[in-house]
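The values are calculated or read from the model by the stated rules, or taken from the named source; none is laboratory data. Note that the structure is a prediction, hence the values are computed from the model and not measured. Virtual Cβ from ideal backbone geometry, glycine too; neighbours counted across all protein chains shown.
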Number of protein chains: 2
Amino acid sequence: MDIIKVSANSRTSAVAGAIAGVIREHKRAEVQAIGAGAVNQALKALVLATGYLKTDEINIVCIPEFVEIQIEDKVRTAIKIVVEPR
Amino acid sequence: MDIIKVSANSRTSAVAGAIAGVIREHKRAEVQAIGAGAVNQALKALVLATGYLKTDEINIVCIPEFVEIQIEDKVRTAIKIVVEPR
């Protein structure tokens, strides 16, 4: 299962559609964001995805955690949000 | 139960302590943030609070939603994150 990577410029509706699709198929999604702008877009996308999935009677919850990722030899702290049906 | 309001300048450990305290007492907390900086601080605080509460064997999950709030005659969209034990 691929991680859904969100940037500050990501379109929230596109990210939300990706989250909903992965949840429908795999019953679990992982969303990763680095920086305040990206985290904000990720959260907005999660609100939208929650609405999309409610029409399928799937109620999702989020569990955020820190992850260290390496980008061009530098270690940065990202926020990974695990999304699962309740 | 009071809403825990988070700003871009909030200390994440202080917010995390507040979330953990409210969850222990009320089994439910609400965290509100407006703007990318505030949402980012709120998410980081939630990661920390998740760790604090794991030592009490409480596993929390988050459900984000949009709320419209009025600040000085202007309506702004905030993100409210409902926090509950799994």
task = Give the residue, chosen from A:Arg86, A:Arg28, that is at pLDDT below 95 and either closer than 19 Å to B:Thr50 by Cα or away from chain B (no Cβ under 11 Å) (or both).
result = A:Arg86
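Counting only residues that are of a type in the set (A, V, I, L, M, F, W, C) and in contact with a helix residue (DSSP H, G or I) (Cβ under 6 Å, 6 or more places away or on another chain), which one in the stretch B:42-61 is nearest to the other protein chains (Cβ to nearest Cβ)? Break it down into steps so the answer makes sense when it comes.
Filtering the stretch B:42-61 down to residues of a type in the set (A, V, I, L, M, F, W, C) leaves B:42-43, B:45-49, B:53, B:58, B:60-61.
Still in the list and also in contact with a helix residue (DSSP H, G or I) (Cβ under 6 Å, 6 or more places away or on another chain): B:43, B:45, B:48-49, B:53, B:60.
On the way: B:Leu43: 5, B:Ala45: 10, B:Leu48: 9, B:Ala49: 10, B:Leu53: 12, B:Ile60: 8 Å.
For the stretch B:42-61, the residue satisfying everything is B:Leu43.
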